[in-house]
Amino acid sequence: MADFVTGLPIALSQAAAAPGGVPVLTGIDLVLAAGGRTVLLGPNGAGKSTLLRVLHGLIPPSAGSITWGDATTRPPGQAMVFQRPVMLRRSAGDNVRYALDLAGVHGAEADARIAEALDEVGLRTLAARPARVLSGGEQQKLAFARVWALRPEILFLDEPTASLDPAAARSVEKIIADIHRRGTTIVMTTHNLVQAKRLADDVLFLHGGRITERTPAREFFMTPRSPEAVAFLEGERL
Amino acid sequence: MVALRTVMNTLSESLALAAGLVTHFDTHLVEIVMLSLRVSLTATLLAACLGMPLGAAIAVGRFPARPALVVVLNAMMGLPPVVVGLVVYLLLSRAGPLGALGLLFTPGAMVFAQTILITPIIAALTSQIVADAWTEYREQLTSLGAGTYRAAMTLLWDTRYSLATVLLAGFGRAIAEVGAVMIVGGNINGVTRVMTTTIALETSKGDLPLALALGLVLIAIVVLLNALAQVTRGWAKVRFG
């Protein structure tokens with residue numbers, strides 16, 4: 001169960017983003033409520049990763065506004081897993097401990113959460129191993145252990161299985177499903193349409209820095225409404 | 001031809017005498033080496049305490065004075081030792097603002113001068129290493145909720161094996177320096193005479209064996225520390241990735 005219940009819904013109003021001065025998103029109106037699994041789809045350069053970072057508070061909107069619940073600054077209770085996880089030069093267990101320490105969880109409570117999280121992702125026996133010498137798949141699982149231990153209200157995932165082999169990717173998908181089952185709202189990007197079908201409740205389709213479609217996943221894959229989504233699903237160049 | 005043979009004989013005799021001084025742990029030689037190490041290690045430690053946090057703050061922080069600070073720091077990396085010596089001399093001289101400390105012509109003054117000399121080097125190199133790490137870690141640490149101070153401390157710890165090389169560079173600069181310590185230490189026998197000032201003095205007197213022996217020790221120290229840093233970094237790379 002998530003520890004925090006303060007940062008939802010996330011609401012964007014006419015938001016734009018221009019990281020590094022380059023306009024990527026324009027006129028985004030969006031409300032993300034608690035509980036669902038939303039997958040952001042779209043071609044390369046559509047702005048999926050940028051939107052994820054705006055929602056997580058890593059990139060401030062260059063225009064418009066964003067609110068997390070009643071707050072205008074990012075509240076605690078959020079976490080993000082990146083395509084390439086960044087691990088600190090310390091043991092796997094201590095990487096999880098570092099995240100907990102920043103979240104204000106210490107002592108016996110932290111120990112219990114670390115053990116539980118490493119168990120959940122199947123890395124318990126590697127707790128003392130330096131995180132940076134783990135394989136790519138193990139490091140990604142460790143990134144999820146960090147998230148599991150934090151018990152976030154909402155979790156952002158930026159192509160979390162893009163650099164993994166199929167077996168590791170399925171294993172990570174199972175972890176994502178477990179995290180969602182525990183009450184965490186999931187927002188993720190992926191280029192893997194099969195994965196999107198498996199994981200999504202909702203699909204948000206982006207094209208050219210705008211949301212062109214937001215529909216339940218089943219409906220999106222059966223009868224996409226926007227011409228861009230149709231072309232995307234048919235594998236045509238947009 | 002005769003002159004060349006005489007020079008070669010003098011050199012080989014001096015080298016033999018120098019080797020004897022080193023292998024027999026000559027008391028005078030050991031005293032000078034130990035003082036050099038004490039002064040330069042202390043200066044390196046102090047410069048690390050000042051320079052590393054400063055370098056990390058410059059790498060991670062975004063504050064109005066940052067660009068100016070970077071320019072000043074980079075400029076100070078090339079500080080001429082004799083100018084530093086002169087400034088420290090003026091500060092510590094009896095009429096100077098720090099004259100009451102009574103540090104002039106003591107090892108403390110030499111530590112002071114060397115600290116000023118190498119702090120910019122340590123800060124600038126630290127800033128470079130931490131900035132590279134910050135590029136890699138920024139999103140992850142920000143996502144986890146690390147503020148600027150916590151992020152800077154985390155990066156300093158995570159780059160500690162690379163920073164060992166920075167310390168080495170600082171120490172190398174300190175122990176090989178002669179101008180500043182000569183001015184503020186006075187090269188007083190048994191009190192402030194270190195390896196470099198002794199080499200300069202003994203060479204000018206024509207007493208080559210002691211100068212050569214100290215030169216050999218100085219080179220050995222630098223080679224040993226470089227080897228140590230390389231082994232440490234290699235070990236850390238394998239151990240921690």
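The values are calculated or read from the model by the stated rules, or taken from the named source; none is laboratory data. None of the values given here were measured: they were computed from a predicted structure. Methodologically, a virtual Cβ is constructed for each residue, glycine included, from the backbone with ideal geometry; neighbour enumeration extends over all protein chains shown.
Being in contact with a Leu (Cβ under 6 Å, 6 or more places away or on another chain) and either free of Cβ contacts under 8 Å to residues at least 12 places away in the same chain or farther than 22 Å from B:Arg173 by Cβ (or both) holds for only one residue in B:Leu45, B:Leu11, B:Leu21, and it is B:Leu21. Of the candidates A:Leu157, A:Leu142, the single residue that is out of contact with any Asp or Glu (no Cβ under 8 Å at 6 or more places or on another chain), at pLDDT 95 or above, aliphatic (A, V, I, L, M) and not in a helix (DSSP H, G or I) is A:Leu157.
Of the strands (runs of 3 or more DSSP E) entirely within the stretch A:182-236, those holding at least 1 residues that are farther than 18 Å from A:Leu32 by Cβ occupy A:202-207. A:Gly77 meets all of the listed conditions (1) of a type outside the set (Ser, Thr, Tyr); (2) modelled with pLDDT of 95 or more; (3) touching a Lys or Arg at 6+ places or on another chain (Cβ under 9 Å) but one, namely (2). Cβ separations smaller than 8 Å between residues 6+ apart or across chains give the following pairs from the stretch B:144-156 residues that are away from chain A (no Cβ under 12 Å) to residues that are not in a helix (DSSP H, G or I): B:Thr148/B:Gly61; B:Ala152/B:Gly61. Scanning the stretch A:61-83 for residues that are out of contact with any Gly (no Cβ under 8 Å at 6 or more places or on another chain) and within 12 Å of chain B (Cβ to nearest Cβ) yields A:Ala79, A:Met80, A:Val81, A:Phe82, A:Gln83. The strands (runs of 3 or more DSSP E) found wholly in the stretch A:29-81 and carrying at least 2 residues that are more than 25 Å from A:Gln140 (Cα to Cα) and of a type in the set (Gly, Ala, Ser) occupy A:63-68. Considering A:Arg113, A:Arg124, A:Arg146, A:Arg89, the condition of being in contact with a helix residue (DSSP H, G or I) (Cβ under 6 Å, 6 or more places away or on another chain), farther than 26 Å from A:Thr50 by Cα and within 13 Å of another protein chain (Cβ to nearest Cβ) is satisfied by A:Arg89 alone.
Hey, any hits in the stretch A:174-188 for a residue that's within 14 Å of another protein chain (Cβ to nearest Cβ), within 12 Å of the chain's Cα centre (by Cα) and in contact (Cβ under 8 Å) with a residue 24 or more places away in the chain? Scanning the stretch A:174-188 turns up at least one residue that is within 14 Å of another protein chain (Cβ to nearest Cβ), within 12 Å of the chain's Cα centre (by Cα) and in contact (Cβ under 8 Å) with a residue 24 or more places away in the chain.
Residues in the stretch B:81-131 that are small (Gly, Ala, Ser) and closer than 21 Å to B:Pro53 by Cβ were compared, and the one that is surrounded by the fewest Cβ atoms within 10 Å (Cβ to Cβ) is B:Ala131.
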